[in-house]
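The values are calculated or read from the model by the stated rules, or taken from the named source; none is laboratory data. None of these values were measured; they are calculated from a predicted model. All Cβ positions, glycine included, derive from the backbone under ideal geometry; neighbour counts span all protein chains shown.
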Amino acid sequence: MSSPVERRLLDHPRGLWVLAGTEFWDRVSFHGMQALLVLYMVDTLLLPGHIEKVVGFDGFRAVIEAITGPLSIRALAAQTFGLYVGLVYFAPIIGGAVGDRITGRRVAVISGALLMTAGHFALAFDATFLVALLVLILGVGLLRGNLSAQVKSLYEDGDRREADAFQLYYVAINVGAFIAPIATGALAAIYGWHTGFAFAGIGMFAGLVAYLVGQKHLPADSASTAKLRVKLSRAERRRIAGLALVWPVSVTFWIAQTQVWNIYNLWARDHLDLVVGGYSMPVPWLQAIDGVAPVIMLPPILALWRWQSVRNREPDSLAKLAIGCAVFSAGTLLLAAAPMASGPDGKAPLFWAIAFHFVSNLGWLFFTPIIMTLFATRAPASLRGTMIGVNATAVFAGSVISGRIGGLYERVAAADFWLLHAAVCAGGCLLILLMAPAIRLLLGDDQKAETATSLPGRRPNT
């Protein structure tokens, strides 16, 4: 915990800046690699002359196609990406338990950073592609399952700075997510895919160094083997049932959202005019907009909610979730409508994609932080961590389903492909509106979002 004599920077414990700096480099490495992955698989790795070198790929493909049937290169890339991202968001549930019960958080974070560094560098070789993905999943689980949890340990309960601390922490996430695709996209375009992946490895190693150097500013921790069993009250069981009804809505949102990290890159390559001032912009640079858009839109959204709150007109959490799904669906409709704006070459202007990113991120701000807060505040105290993990499994399910749907991209018109995702997300909006009365009854009260002063930035550990 922080203390009056502790050295501070901008009125916060120096440990906050150590954790935020580590998280920044984690996001530089992860989002940089993620922006390249599908393009790399489709354009290089899965083609003859490369795929034969990947250790274990025949067995991996056989398992996948035993479930899906034969897959083309694009479909296989989409499914592989969906599985990878889904497991990345599922792994912190296990990694957090390892830090809590076995290793302690510091050892878990250091181990995770080492694994992620090794995984990124392993992507520099065709042969170790599948090994690299597995190592990255394990590393992300350990690092993210334990890094952000240390922020709370820096502040006493009730410390007024705590909400601001998480804001600053998530700013680091956004900045990393913004810089990463620009850096790795440029390196991959100029020097090749493996250089981009190597940069991601260097970034994660820099995060590890930052964490090790700043150890003295972090609170001591240790693994706990305590097993607390608390009998749930009837009201608590009802709240769990209410959250269970919200879970499928989250899956519909993440089916659409994770496709933006997956097939969207191929769509942008094929259907956008990426030439700016005579220079062809690398496709991964579009992913950088997802890092900066929420930062730009966050202040006016918070101001709107405060204005509505003063007038007793602020939507409750369930209404915000419905709005988020509806707005994200509208953003996806922009992709479906891109042919209407296409020029003689059949490609839509770059502005069309920029508009999509800002609209979709507006929907993201209404959905993801709100559902995180709903699970955190309405779950019984004895099961709070577990229920937050349950919320994260929606990302896992949505990513896997999204990867399967990605196989349709080359079999249907691009407009129809995005119309399908818009319909899925709109279905989530309709579903929660229909279930809202029952959910409110189960949760026990009118759910105003507790995020008015502490809404986090893009891509937290959902």
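A few remarks follow.
- Inter-residue pairs, beta-carbon under 8 Å, first surrounded by fewer than 22 Cβ atoms within 10 Å (Cβ to Cβ) and part of a loop (DSSP other than H, G, I, E, B) and in the stretch 262-291, second among the hydroxyl-bearing types (S, T, Y) and at pLDDT below 90, 6+ apart: L274/S280
- Of the residues making up the stretch 323-363, those that are at pLDDT 90 or above, over 20 Å from L419 (Cβ atoms) and surrounded by fewer than 16 Cβ atoms within 10 Å (Cβ to Cβ) are P349, F351, I354.
- Qualifying residue in the stretch 309-324 (condition: outside any helix (DSSP H, G or I) and touching an Asp or Glu at 6+ places or on another chain (Cβ under 7 Å)): yes
- Looking only at residues of the stretch 163-220 that are closer than 15 Å to I110 by Cβ and β-branched (V, I, T), we find that the one that is surrounded by the fewest Cβ atoms within 10 Å (Cβ to Cβ) is V213.
- Residue ID - farthest from A210 (Cα to Cα), chosen from residues in the stretch 166-183 that are of a type in the set (F, W, Y) and at pLDDT below 80: F166
- The listed residue being in a helix (DSSP H, G or I) and either surrounded by fewer than 20 Cβ atoms within 10 Å (Cβ to Cβ) or out of contact with any helix residue (DSSP H, G or I) (no Cβ under 6 Å at 6 or more places or on another chain) (or both), out of V412, V390: V390
- Once the stretch 32-54 is narrowed to residues that are under 28 Å from the mean Cα position of the chain (by Cα) and part of a loop (DSSP other than H, G, I, E, B), the residue that is farthest from R404 (Cα to Cα) is V54.
- Qualifying position, being more than 18 Å from A422 (Cβ to Cβ) and within 24 Å of the chain's Cα centre (by Cα), among A303, A256, A288: A288
- Filtered residue count, the stretch 395-409, keeping only those that are of a type in the set (S, T, Y) and in a helix (DSSP H, G or I): 2
- Unique match (being within 17 Å of the chain's Cα centre (by Cα) and in contact (Cβ under 8 Å) with a residue 60 or more places away in the chain) among S153, S148: S148
- Check on F90, surrounded by 24 or more Cβ atoms within 10 Å (Cβ to Cβ) and assigned to a helix (DSSP H, G or I): no
- Residue that is assigned to a helix (DSSP H, G or I), more than 30 Å from V251 (Cβ to Cβ), in contact (Cβ under 8 Å) with a residue 60 or more places away in the chain and touching a helix residue (DSSP H, G or I) at 6+ places or on another chain (Cβ under 7 Å), where the choices are A75, A127: A127
- Residue, modelled with the highest pLDDT, within the stretch 221-267, restricted to residues that are within 30 Å of V107 (Cβ to Cβ) and of a type in the set (A, V, I, L, M): V230
- Criterion (surrounded by fewer than 24 Cβ atoms within 10 Å (Cβ to Cβ) and of a type in the set (F, W, Y)) met by exactly one of F81, F60: F60
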